[in-house]
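Data first, discussion second: the structure below is written as structure tokens.
The values are calculated or read from the model by the stated rules, or taken from the named source; none is laboratory data. Source: prediction; values computed, not measured. Virtual Cβ from ideal backbone geometry, glycine too; neighbours counted across all protein chains shown. In case anyone asks, the SASA skips ligands and DNA or RNA and just uses the protein heavy atoms, side chains included. Shrake-Rupley method; radii C 1.70, N 1.55, O 1.52, S 1.80 Å.
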Amino acid sequence: KQTVLGVAWAVLQPVVTMIIFTVIFGGLAKIPSDGFPYPVFVYSGLLAWNLFATSVSTAGSSMVGAANMISKVYFPRLIVPLASMGVAVIDFLVSFLVLMILMVIYSIVPSVQIFLFPLFLLGLVLTSVGVGTWLAAITVSYRDFRFVVPFTIQIWMYITPVIYPASFIPEAYRWMVYLNPIFGWVTGIKSAILGTPIDWLAVACSSAWMVFLLWLGMSYFIKAERRFADII
């Protein structure tokens, strides 16, 4: 409603980002891409990253954005951040069609690992729910988090193997990537799409992070929910 690009934004944003990253990091910086064409390599990572970043960003500001409705009528407040994240999932599915086109153009045939794709996608979504619900609750009390989140998300992308492969990280610092909650999901999605070896240790670490963040996000949201209407 009252938009110029509409649903095309779900495709335009990752495609333009992919082109810029391909020129700068793939062309000028010569960052390796595990032997795959850089556009396909970086786009598969951007799909996963954009899903997480959009989910967390929209969920974080969702409660403040729905202030008028929350203060006037009661309904399960958890619906607000979850509904905002649902939009990010739909954008992901639309953008995935572009990846399929790129794979056809570059003659890349998915391996049997593609069947693990839904598993890694589910892990990424649940991790996003944990982080997003926590941010949604804390932003109600501390409004400056609306400015902290975009800055944090921007930094988070560069410490996640989106534009570069995990093998690009020096061996001495490799252990640090396992502290990244979405490292296993992002690399897992890329491996499922491209057929590269899956880092199961990373998947296990991200699974542990997922459980913890889900517990943290949900418990804090439920605890803070009773105060939303009074302070929002």
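What to note about this one:
- Scanning the stretch 105-114 for residues that are closer than 19 Å to V16 by Cα and either part of a helix (DSSP H, G or I) or polar (S, T, N, Q) (or both) yields one hit, I105.
- Subset of the stretch 78-110 [aromatic (F, W, Y) and either touching a strand residue (DSSP E or B) at 6+ places or on another chain (Cβ under 7 Å) or open to solvent by less than 40 Å² (accessible area, probe 1.4 Å) (or both)]: F92
- Residues satisfying the stated conditions in the stretch 10-24, i.e. more than 15 Å from N50 (Cβ to Cβ) and either of a type in the set (S, T, Y) or crowded, with 17+ Cβ neighbours inside 10 Å (or both): T22
Per-residue answers, yes or no, for (1) over 19 Å from W156 (Cβ atoms); (2) open to solvent by 10 Å² or more (accessible area, probe 1.4 Å); (3) touching a strand residue (DSSP E or B) at 6+ places or on another chain (Cβ under 6 Å); (4) in contact (Cβ under 8 Å) with a residue 12 or more places away in the chain:
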position: G184; (1), (2), (3), (4): no, no, no, yes
position: G188; (1), (2), (3), (4): no, no, no, yes
position: A192; (1), (2), (3), (4): yes, no, no, yes
position: T196; (1), (2), (3), (4): yes, yes, no, yes
position: W200; (1), (2), (3), (4): yes, yes, no, no
position: W209; (1), (2), (3), (4): no, yes, no, yes
position: M218; (1), (2), (3), (4): yes, yes, no, yes
position: F221; (1), (2), (3), (4): yes, no, no, yes
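- Taken together, the residues in the stretch 111-138 that are more than 14 Å from S55 (Cα to Cα) and surrounded by fewer than 21 Cβ atoms within 10 Å (Cβ to Cβ) amount to 10.
- Taking first residues from the stretch 158-177 that are at pLDDT 85 or above and outside any helix (DSSP H, G or I) and partners that are surrounded by fewer than 18 Cβ atoms within 10 Å (Cβ to Cβ) and acidic (D, E), the Cβ contacts under 7 Å between residues at least 6 apart in sequence or on separate chains come to P165/D34.
- Helices (runs of 4 or more DSSP H) contained entirely in the stretch 7-93, each with at least 1 residues that are over 16 Å from I153 (Cβ atoms), within 19 Å of the chain's Cα centre (by Cα) and of a type in the set (S, T, N, Q): 38-65
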